[in-house]
1. Does the stretch 69-104 hold any residues that are out of contact with any His (no Cβ under 8 Å at 6 or more places or on another chain) and among the aliphatic types (A, V, I, L, M), and which are they?
2. How many residues are of a type in the set (A, V, I, L, M) and touching a residue at least 60 places away in the same chain (Cβ under 8 Å) when one looks only at the stretch 75-100?
3. Tell me the residue from 67, 59 that is farther than 19 Å from residue 39 by Cα and among the basic types (Lys, Arg), please.
4. Just one of (1) exposed (fewer than 13 other Cβ atoms within 10 Å of the Cβ); (2) modelled with pLDDT under 95; (3) within 17 Å of residue 112 (Cβ to Cβ); (4) within 12 Å of the ligand (Cβ to nearest atom) trips up residue 2, so point out which.
5. If residue 65 passes every condition in (1) surrounded by 13 or more Cβ atoms within 10 Å (Cβ to Cβ); (2) within 19 Å of residue 8 (Cβ to Cβ) but one, which one does it miss?
6. Could you figure out which of (1) of a type in the set (Gly, Ala, Ser); (2) modelled with pLDDT under 95; (3) in a helix (DSSP H, G or I) isn't true of residue 22?
Amino acid sequence: MQKRAHADTTLCLNYCSYFKPGKNEDLACQGFIVVHSILRSGKRIPQERPDRIAIPPRRTLEGLKQRVCALCSFHDSDCDYIATSGASASCGGFALLAHLLGSGELTLGEIDEAL
Ligand code: SF4
């Protein structure tokens with residue numbers, strides 16, 4: 001399990017329904033790790049939650065799952081999104097990445113570069 005001590009949890013506050021400030025702040029899902037890897041590369045990623053969340057095409061969403069969820073330490077036994085085949089909410093990092101793919105602000109190629 002990866003830790004994210006002292007990391008910026010803005011995206012978790014804005015996008016993650018599972019995040020509990022002060023309780024599980026030190027556990028980092030793969031979505032969070034990828035977003036912060038992209039930020040470290042110098043790309044600007046808006047972390048505010050917009051009025052309208054963009055939804056990427058199904059094929060792009062599957063590509064995101066293959067790239068991000070497959071490497072996540074929550075994937076096998078502790079992710080409601082995976083356990084319910086997408087019926088439950090994803091983590092905040094995945095939700096932000098999906099929105100950015102849907103809005104055209106990010107590409108799967110840029111995610112590949114961040115892995
Ligand atoms: S949706 Fe689940 S498996 Fe995918 S990155 Fe988030 S916590 Fe991990």
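The values are calculated or read from the model by the stated rules, or taken from the named source; none is laboratory data. What you are looking at is a predicted structure, and each value in this text was computed from that prediction instead of being measured. Please note: Cβ atoms are built from the backbone with ideal geometry, for glycine as well, and neighbour counts cover all protein chains shown.
1. Kept after step one, since they are out of contact with any His (no Cβ under 8 Å at 6 or more places or on another chain), are these residues of the stretch 69-104: 70-81, 83-104.
Within the stretch 69-104, 70, 71, 83, 87, 89, 95, 96, 97, 98, 100, 101 qualify.
2. Residues that pass the stated criteria total 4.
3. 59
4. (3)
5. (2)
6. Only one criterion in (1) of a type in the set (Gly, Ala, Ser); (2) modelled with pLDDT under 95; (3) in a helix (DSSP H, G or I) is unmet by residue 22, namely (3).
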